[in-house]
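K.L.:
Have a look at this one.
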Amino acid sequence: MMSLGFLPVMEMMTAVWKNMTILLECMKMLTSWCWLEVFGTRKISSPKIRAPQDPIQIKPISVNYHFTRQCNYKCGFCFHTAKTSFVLPIEEAKKGLAMLKDAGMEKINFSGGEPFLQDRGNFVGKLVEYCKKDLKMPSVSVVSNGSLITEKWFKSYGEYLDILAVSCDSFNEEVNKLIGRGQGKRNHVEKLMKIRQWCCDYNVAFKINSVINRYNVDEDMRKEITMISPIRWKVFQCLIIDGENTGEEALRQAETFVISDEDFKAFLDRHKDIKCLVPESNQQMRDSYLILDEYMRFLDCRNGRKDPSRSLLDVGVENAIKFSGFDEKMFFKRGGKYVWSKADLRLDW
């Protein structure tokens with residue numbers, strides 16, 4: 001049995017051992033400090049956790065408003081199909097357009113579907129007039145298949161419209177029918193030529209949009225485009241969008257229309273001498289447009305489908321546009337900003 005007199009000695013030895021441990025730790029720290037001092041690495045930076053950055057504010061310079069999805073044509077490659085029949089009341093649409101103008105919009109493009117279906121073209125006409133007359137927009141344009149446009153419309157609204165783009169994928173009517181760009185016995189190319197003349201008569205810049213696909217990729221359009229002489233000939237590579245023209249829920253199945261990058265390049269090479277040609281491959285096209293749907297939601301196409309934001313009417317332009325997936329650099333790279341006001345174009349027919 002340990003004597004009671006031995007306990008103080010044990011406590012003293014324990015205390016000494018603790019002090020020795022502390023001393024050794026101090027020497028270790030001193031050695032480490034000296035080592036760092038000698039080799040110039042005394043400042044050790046731990047990984048920094050960055051706070052989420054505020055997204056760069058996107059200025060909606062050019063906006064494409066697809067206010068309707070309804071269309072009287074059945075183009076097999078269509079990537080904005082008639083999934084709803086909804087159209088905003090015109091006053092609500094005007095409210096959203098004013099919000100976009102306040103946020104920096106300089107160009108508005110009305111599209112569909114077919115924009116001339118709603119109220120026999122008066123709906124889009126009133127929006128065109130509002131944007132030019134009331135909002136003082138530098139550029140107001142419309143994209144149409146042309147089938148429902150009349151000279152009467154030009155008489156009512158032509159002075160407010162800067163650019164009219166008509167979709168035409170072929171100058172061969174049989175090819176247009178194969179694509180689905182036609183209705184009954186109407187001749188798409190003949191109507192295109194009438195609209196071209198009306199644009200001349202009413203001082204509206206004329207533009208042609210063509211989607212290059214399996215049915216027209218070998219066509220030579222140089223003669224016709226040169227004769228018509230549009231201010232711009234937008235040439236798109238057929239694009240696949242999940243839920244629109246591919247997939248179980250899609251209203252179109254466009255796989256048979258798709259062409260390769262090489263085929264698209266061959267078409268462009270054939271038409272390279274056409275000065276008004278503006279090519280847009282799938283890569284250039286997918287994320288370089290600010291697209292508003294019929295509910296005024298921005299559509300994000302980065303994942304190969306159209307993911308909607310909340311409506312800018314509910315959350316404002318700044319909050320809605322954060323979810324647009326818009327690639328501003330690609331917008332400028334593909335020539336999205338150009339002379340788009342007819343006052344600056346100095347049209348001379």
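The values are calculated or read from the model by the stated rules, or taken from the named source; none is laboratory data. Keep in mind the model is a prediction, meaning the values are calculated, not measured. All Cβ positions, glycine included, derive from the backbone under ideal geometry; neighbour counts span all protein chains shown. When the accessible area is computed, the model is the full protein with side chains, heavy atoms only, and any ligands, DNA or RNA have been set aside. Shrake-Rupley method; radii C 1.70, N 1.55, O 1.52, S 1.80 Å.
K.L.:
Can you tell me which condition Val140 does not meet? The list is (1) surrounded by 23 or more Cβ atoms within 10 Å (Cβ to Cβ); (2) free of Cβ contacts under 8 Å to residues at least 40 places away in the same chain; (3) assigned to a loop (DSSP other than H, G, I, E, B), and all the others hold.
P.N.:
Every condition holds for Val140 apart from (3).
K.L.:
Are any residues in region 170-194 in contact with a helix residue (DSSP H, G or I) (Cβ under 9 Å, 6 or more places away or on another chain), open to solvent by less than 30 Å² (accessible area, probe 1.4 Å) and outside any loop (DSSP other than H, G, I, E, B), and if so, which ones?
P.N.:
Asn176, Ile179, His188, Val189, Leu192
K.L.:
Moving on to the next point. May I ask you to list the residues in region 329-349 that are closer than 20 Å to Ser111 by Cβ and either in a helix (DSSP H, G or I) or open to solvent by 70 Å² or more (accessible area, probe 1.4 Å) (or both)?
P.N.:
Of everything in region 329-349, those that are closer than 20 Å to Ser111 by Cβ and either in a helix (DSSP H, G or I) or open to solvent by 70 Å² or more (accessible area, probe 1.4 Å) (or both) turn out to be Met330, Phe331, Lys337, Lys342.
K.L.:
Within 24 Å of Asn213 (Cα to Cα), touching a Lys or Arg at 6+ places or on another chain (Cβ under 6 Å) and modelled with pLDDT under 95 - does that describe any residue in region 300-321?
P.N.:
Yes, there is a match, as at least one residue in region 300-321 is within 24 Å of Asn213 (Cα to Cα), touching a Lys or Arg at 6+ places or on another chain (Cβ under 6 Å) and modelled with pLDDT under 95.
K.L.:
For Glu224, state whether it is surrounded by fewer than 21 Cβ atoms within 10 Å (Cβ to Cβ) and either of a type in the set (Asp, Glu) or part of a strand (DSSP E or B) (or both).
P.N.:
Yes; evaluated as a whole, the condition is true for this residue.
K.L.:
Identify all residues within region 225-244 that are among the β-branched types (Val, Ile, Thr) and without any contact (Cβ under 8 Å) to a residue 40 or more places away in the chain; write none if there are none.
P.N.:
Within region 225-244, the subset among the β-branched types (Val, Ile, Thr) is 225-226, 228, 231, 235, 240-241.
Scanning region 225-244 gives a single hit, Ile228.
K.L.:
Does Asp134 satisfy being acidic (Asp, Glu) and either open to solvent by less than 50 Å² (accessible area, probe 1.4 Å) or under 18 Å from Gln70 (Cα atoms) (or both)?
P.N.:
No: the conditions fail for Asp134.
K.L.:
While we're here: Could you list all residues from region 148-195 that are closer than 22 Å to Tyr338 by Cβ, among the small types (Gly, Ala, Ser) and touching a Phe, Trp or Tyr at 6+ places or on another chain (Cβ under 7 Å)?
P.N.:
Hit for region 148-195 is Gly158, nothing else.
K.L.:
Select, from Leu313, Leu292, the only residue that is among the hydrophobic types (A, V, I, L, M, F, W, C), under 17 Å from Met99 (Cβ atoms) and surrounded by fewer than 21 Cβ atoms within 10 Å (Cβ to Cβ).
P.N.:
Of the residues listed, the single one that is among the hydrophobic types (A, V, I, L, M, F, W, C), under 17 Å from Met99 (Cβ atoms) and surrounded by fewer than 21 Cβ atoms within 10 Å (Cβ to Cβ) is Leu313.
K.L.:
Ok, one more. Can you name the condition, by its number, that Arg214 falls short on among (1) at pLDDT 95 or above; (2) crowded, with 22+ Cβ neighbours inside 10 Å?
P.N.:
If we test Arg214 against (1) at pLDDT 95 or above; (2) crowded, with 22+ Cβ neighbours inside 10 Å, just (2) comes out false.
K.L.:
Same structure again: For region 247-293, name all the residues that are touching a Cys at 6+ places or on another chain (Cβ under 6 Å) and not in a loop (DSSP other than H, G, I, E, B).
P.N.:
Phe257, Arg286
K.L.:
Any chance region 99-117 includes a residue that's open to solvent by less than 10 Å² (accessible area, probe 1.4 Å), modelled with pLDDT of 95 or more, of a type in the set (A, V, I, L, M) and part of a helix (DSSP H, G or I)?
P.N.:
Yes, some residue in region 99-117 is open to solvent by less than 10 Å² (accessible area, probe 1.4 Å), modelled with pLDDT of 95 or more, of a type in the set (A, V, I, L, M) and part of a helix (DSSP H, G or I).
K.L.:
Sort out which residues of region 156-169 are in contact with a strand residue (DSSP E or B) (Cβ under 8 Å, 6 or more places away or on another chain) and open to solvent by less than 10 Å² (accessible area, probe 1.4 Å), and write them in order of number.
P.N.:
Leu161, Asp162, Ile163, Leu164, Ala165, Val166, Cys168, Asp169
K.L.:
Look through Val235, Val258 and report the one residue that is touching a Pro at 6+ places or on another chain (Cβ under 8 Å) and open to solvent by less than 70 Å² (accessible area, probe 1.4 Å).
P.N.:
Val235
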